[in-house]
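Participant: I have a structure here, written as C-alpha cells, and I will follow up with some questions on it.
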Amino acid sequence: MTRHLLKNPDLFREAALIDGQWITETPHGHSELRNPATGEVLARLPRCKEEETTRAIVAADKAFRAWRQTTAKHRSQVLNRWWSLIVENKEDLATLITLEEGKPLSEARGEIDYAAGFVQWFAEESKRVRGDVIPAPRETQRIVTLKQPIGVCAAITPWNFPAAMITRKAGPALAAGCAMVVKPASQTPLTALALGELALRAGIPPGIFNVITGGDTRAIGGVLTSHPLVRKVTFTGSTEVGRVLLQQSASTIKKCSMELGGNAPCIVFDDADIDTAVEGILVAKFRNTGQSCIAANRVMVQAGIYDALAARLAERVGQLKVGNGLEPGVQIGPMIDAGAVSKVEEHVDNAVAGGARLLTGGRRHALGGCFYEPTVLADVAPGMAVAVQETFGPVMPLVRFERDEDAIAMANDTEFGLASYLFSKDAARIWRAAEALESGMVGINTGLISNELAPFGGIKQSGLGREGSHYGIDEFLELKYLCWDGLHPSFA
Ligand SMILES: NC(=O)C1=CN([C@@H]2O[C@H](COP(=O)(O)OP(=O)(O)OC[C@H]3O[C@@H](n4cnc5c(N)ncnc54)[C@H](OP(=O)(O)O)[C@@H]3O)[C@@H](O)[C@H]2O)C=CC1
Ligand SMILES: O=C(O)[C@H](O)CS(=O)(=O)O
C-alpha cells in the first residue's frame, strides 16, 4: 500500500539501517506502524533492542575513525549531494511524513524544505570550523587551538517533525566529522529510513548514519546513553524524557543537547497591527495541528483589543479545513494518537468547567479517530491546565491582561522557556518585552521562527544548547589546546 504511493519505491524501507545494511529481521519480532488519519497499517518494522543498538554504535565508531580523516571540503561535497537528493525526492518524503505523522501535505513539503536547509547549511559550515593561534606567555611557546569531531553521536528524535529533527542533528554532526546513531520516534520511522537510503546514495559511508527502529525504547535509550563509545547525546522531545536521558548520560559524562518541551506565550499589545497579529497567531498555534514545542500555548491579549481580536480569531479558526493530510486544501490533520486527543479534551473540559468561554470547536471532530476540532477558548485563567501545561494540540486559550508588566509576569511564570511571541508596533515596547521574556527565542510580529540560519533552543527546563545557525556545529566538536614549547623566536 505505502510503497505504491511513492515515485521512488526504494525510499520505503521496512528495516533498520546498521552499518550500511538494511536489517529486516531481528530476534525481537516486528512492530506495526499505523496511519493516524485512517488507522491503516503502513509498515511492519523490525524491533531493535540492546544487541542491535550496540552493533550500530560499534559500526559508527569504526566508520567515524575514517570519516574524521576526510577533508571538510569532501564532507561538504557529500552533504551537498545528500541535500540535492532530499530536494529531488521532496514529494516522496513529504508523502511519507503525511502518512506516518498526519500533517497536511503542504506542511510536509515545507518540512522537507526546512530539513534540507539544515543539510545544505552545515555542508557549508563544515568548511568554517576554525581554531586559533593565541599569543603565548613565553617567547619559546606557541598556543594553538583545534576543533575536532566529538565522535559517535546518539540522536533520539520526536514524531512531530520526523525529517527536520533528524537533519537538524545529523547535518552538523556529519559536517563536523562525526558518526550518528538515530533512534526516531516509533510513530515516524519511515521518514528517517528514507533519509538513510538517500544518505547511502549520496556517498555517506556505511556506519556514518544509522537508524535504529523502535520497539524497546528504554532498552535502546539505555544503551545509547551509557555505551562508552557514544560521546554525544542529542535529544528532541519532552522535558520529562530529556530529564531521564540526562540522568542516564551522567554515568559516562556524555556531552548533551536537549530540545525539550515548551509553553510559549503569545502577547498581543493594544497597539498591534490586528491583521498581522491574526495571521501570526494562527501560524504559531496551528502549525502541525498545534503539535510543536514552540506552538503558542497561551495567547495573552491586552484588554483594549481583547473582544475584537477574539472575534476575529474565532471566525478564522472556525473556517480551518480538517481532514486527511493527503487531501488538497486540508489545513488541520489528525493528532498523532488517541492519547494526544485525550490530553486536549481534558484541557478543554477543565477550562470550560473553570469558567472559560468556548468561541469555536471544543470537541472531537465528526471524522472521529484522532481528529479534533480547532478550538478557541476565551476568558482563560492563567492557572488553568490549558495555560500551565503544554497542550500540544489545536487549542487556542485567550488570556486577558491590563498592563504590559502583567503580561510579562504571566508569560514568565512557567518552568519552560523555549519560544515567546509578541505583536506591537512600538519599538521601545517591543525591546522592553523581548529583553524581559524568559525564553531562548522570541518571534516579533511573526508566528514562524523556524529556519536553519538561527540558533534554535530554550532556557530553563526547555533545554540545553542550540541547533541550527553557525552555533549549531559546536555541539558536535571538542576544543583542544596545544601548548607548544621549545620554539626559539630568533634566528640568532
Ligand atoms: N523542544 C523541542 O524541540 C521539542 C519538544 N517536544 C516535546 O515532546 C513532547 C511530545 O513529543 P514526543 O515525541 O511524544 O516526546 P517524547 O519525549 O515522548 O519522545 C521523544 C523521543 O524520545 C523517545 N523516548 C521516550 N522515552 C524514552 C526513554 N525512556 N529512553 C529513550 N528514548 C525515549 C521516544 O521514543 P518512542 O517514540 O519509541 O516513545 C521518541 O523517539 C511534547 O512535550 C513536546 O513539547 C517535541 C518535539 C520537539
Ligand atoms: O520549528 C520547529 O523546529 C519545530 O517546532 C520542531 S519541534 O522543536 O517542535 O520539534
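The values are calculated or read from the model by the stated rules, or taken from the named source; none is laboratory data. Since this is a predicted model, take the numbers as computed values, not measurements. Here Cβ is always computed from backbone atoms with ideal geometry, including for glycine, and neighbour counts include all displayed protein chains. Keep in mind that these areas ignore ligands, DNA and RNA; they rest on the heavy atoms of the full protein, side chains included. Shrake-Rupley method; radii C 1.70, N 1.55, O 1.52, S 1.80 Å.
Participant: Being within 26 Å of ASN412 (Cβ to Cβ) and open to solvent by less than 10 Å² (accessible area, probe 1.4 Å) is the filter here, so list the residues in region 357-379 that pass it.
Facilitator: Of everything in region 357-379, those that are within 26 Å of ASN412 (Cβ to Cβ) and open to solvent by less than 10 Å² (accessible area, probe 1.4 Å) turn out to be THR375, VAL376, LEU377, ALA378.
Participant: Please work out which residue is surrounded by the fewest Cβ atoms within 10 Å (Cβ to Cβ), limiting yourself to region 236-281 and to residues that are within 21 Å of the chain's Cα centre (by Cα), more than 8 Å from ligand 1 (Cβ to nearest atom) and charged (D, E, K, R).
Facilitator: My answer is ARG243.
Participant: Please state which of the following conditions CYS483 fails to meet, knowing it meets all the rest: (1) in a loop (DSSP other than H, G, I, E, B); (2) open to solvent by less than 80 Å² (accessible area, probe 1.4 Å).
Facilitator: Result: CYS483 fails condition (1) only.
Participant: Quick check: anything in region 252-273 on the phi > 0 side of the Ramachandran plot and not assigned by TED's automatic domain parsing to the domain that holds ASP337?
Facilitator: yes
Yes/no matrix, rows are residues, columns are (1) in the same structural domain as ARG68 (by TED's automatic domain parsing); (2) surrounded by 15 or more Cβ atoms within 10 Å (Cβ to Cβ); (3) outside any loop (DSSP other than H, G, I, E, B); (4) not hydroxyl-bearing (Ser, Thr, Tyr):
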{"position": "ARG400", "(1), (2), (3), (4)": "no, yes, yes, yes"}
{"position": "THR414", "(1), (2), (3), (4)": "no, yes, no, no"}
{"position": "LYS425", "(1), (2), (3), (4)": "no, no, no, yes"}
{"position": "TRP431", "(1), (2), (3), (4)": "no, no, yes, yes"}
{"position": "LEU453", "(1), (2), (3), (4)": "no, no, no, yes"}
{"position": "SER469", "(1), (2), (3), (4)": "yes, yes, no, no"}
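Participant: Restricting attention to region 379-391, does a residue exist that is free of Cβ contacts under 8 Å to residues at least 12 places away in the same chain, in a helix (DSSP H, G or I) and of a type outside the set (Phe, Trp, Tyr)? It would help to see each step written out before you state the result.
Facilitator: If we filter region 379-391 for residues that are free of Cβ contacts under 8 Å to residues at least 12 places away in the same chain, which is where we start, we get 383.
Add one more test, that the residue is in a helix (DSSP H, G or I), and what stays is none.
No: region 379-391 contains no residue that is free of Cβ contacts under 8 Å to residues at least 12 places away in the same chain, in a helix (DSSP H, G or I) and of a type outside the set (Phe, Trp, Tyr).
Participant: Considering each of ALA340, ALA356 in turn, give the residue that is assigned by TED's automatic domain parsing to the domain that holds ALA296 and out of contact with any Asp or Glu (no Cβ under 6 Å at 6 or more places or on another chain).
Facilitator: It is ALA340.
Participant: If you go through region 177-186 one residue at a time, do you hit one that is crowded, with 22+ Cβ neighbours inside 10 Å, of a type in the set (S, T, N, Q) and within 15 Å of ligand 1 (Cβ to nearest atom)?
Facilitator: Checked against the condition, which is being crowded, with 22+ Cβ neighbours inside 10 Å, of a type in the set (S, T, N, Q) and within 15 Å of ligand 1 (Cβ to nearest atom), region 177-186 yields no hits at all.
Participant: While we're looking at this one, here's another question. Report yes if ILE449 is of a type in the set (A, V, I, L, M, F, W, C), surrounded by fewer than 20 Cβ atoms within 10 Å (Cβ to Cβ), touching a Gly at 6+ places or on another chain (Cβ under 7 Å) and farther than 23 Å from ASP113 by Cα, otherwise no.
Facilitator: no
Participant: Return the pair list, or none, for Cβ contacts closer than 8 Å from residues in region 9-27 that are among the basic types (Lys, Arg) to residues that are at pLDDT 95 or above and outside any strand (DSSP E or B), at least 6 apart or on different chains.
Facilitator: ARG13/LEU190; ARG13/LEU193; ARG13/ALA194; ARG13/GLY196; ARG13/GLU197
Participant: Considering only residues that are among the charged types (D, E, K, R) and within 16 Å of ligand 2 (Cβ to nearest atom), look in region 282-338 and name the one that is least open to solvent (accessible area, probe 1.4 Å). Show your work before the answer.
Facilitator: Of the residues in region 282-338, the ones among the charged types (D, E, K, R) are 285, 287, 298, 307, 312, 315-316, 321, 327, 337.
Still in the list and also within 16 Å of ligand 2 (Cβ to nearest atom): 285, 287.
Details: LYS285: 1, ARG287: 50 Å².
Selected residue: LYS285.
Participant: Moving to a separate point now. Residue by residue through region 213-235, note down the ones that are within 9 Å of ligand 1 (Cβ to nearest atom) and among the charged types (D, E, K, R).
Facilitator: Scanning region 213-235 gives ASP216, ARG218.
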